[in-house]
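Visitor: After the structure tokens below, expect a handful of questions from me.
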Amino acid sequence: MPASASKTAEIAAEAATDGIYVVRTSLPAETLDDAATVRSYKSLSLVERAFRCIKTVDLHVRPVYHRLADRVRAHVFLCMLAYYLEWHMRQRLAPMLFDDTDKEAAEALRASIVAPAQRSPAAVTKQTTGLTEDGLPVHSFRSLLADLATLARNTITTAITPDYPLTVLTRPTPIQNKAFALLGVAVEPVAQASRDDLIPLHQADFRVFTSGS
């Protein structure tokens, strides 16, 4: 057989397997079957996204400005702890985000585990309408944090009662109330006196209200 014909045959044989990859595991099929093996392999994208979040997007573990080993380890530990907190926040806030919260429905739309991932009808509805099931605007994680950051806490003192400051919070919006409810965070009352044992809140409010009379 001429050398050119041999090369052509080898090229044709390699072309027949283009786009095909093999995933192997040392675990028995009873522990991890074919579909679970491929699913585990594809879940590596979540790990890659986590490293991207830690390194560049949100937490910026780099550059490291510390030189001592203990401080470098503390810096990395705090970044990992911050990502752990962010992961749990994303899970709880998922109904308000563009994230797909109906994984089972999305999985049912796939012809096989190797087929491209699909979004569930609920996720498509959120994406196309821009609204959640509650009729609230859908957010990304970062835009939702920016919205929550507008909630302010002010300490107010008056000329009439300078020794009794009031802590006043801006009124939460429906989006903020929903986010706090999903996170299990209780929003403090609108106003409270810091020394309630000495002056009741309603008396402090009365004095402020009548100070102009």
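Visitor: So what's the gap between the Cα centers of the range 38-100 and the range 111-156, to the nearest angstrom?
Guide: Between the Cα centres of the range 38-100 and the range 111-156 lies a distance of 19 Å.
Visitor: What does the extension gain come out to for ALA181 and ARG67, with contour length at 0.36 nm per residue minus their alpha carbon separation?
Guide: Between ALA181 and ARG67, full extension yields 36.9 nm more.
Visitor: Still on this structure, I have one more. Kirkwood Rh, Cα Rg: Rg to Rh for the range 21-130?
Guide: 1.08
Visitor: Length gain on complete extension for the stretch ARG171 to GLU48, per 0.36 nm per residue less the alpha carbon to alpha carbon distance?
Guide: Once the chain is fully extended between ARG171 and GLU48, it gains 40.4 nm.
Visitor: Further question: Each residue of the range 20-25 in order: what ³J(HN,Hα) in whole Hz does its phi give by Karplus 6.51 cos²θ - 1.76 cosθ + 1.60, θ = phi - 60°, with x for Gly and Pro?
Guide: Residue by residue, the range 20-25 yields 10, 10, 10, 10, 10, 9 Hz.
Visitor: Would you pull out the residues with amide H under 5 Å of LEU166's amide H, same chain only if 5 or more places away, H placed 1.01 Å from N?
Guide: Residues meeting the amide H criterion: ILE156, THR157.
Visitor: When ranked by the protection proxy of mean other Cβ atoms within 10 Å per residue, highest first, what sequence do the peptides 21-29, 106-114 form?
Guide: For the peptides 21-29, 106-114, the packing ranking is 106-114, 21-29.
Bear in mind that the values in this text are calculations on the coordinates, not laboratory data. Predicted model only: the values in this text are computed from it and were never measured. Methodologically, a virtual Cβ is constructed for each residue, glycine included, from the backbone with ideal geometry; neighbour enumeration extends over all protein chains shown.
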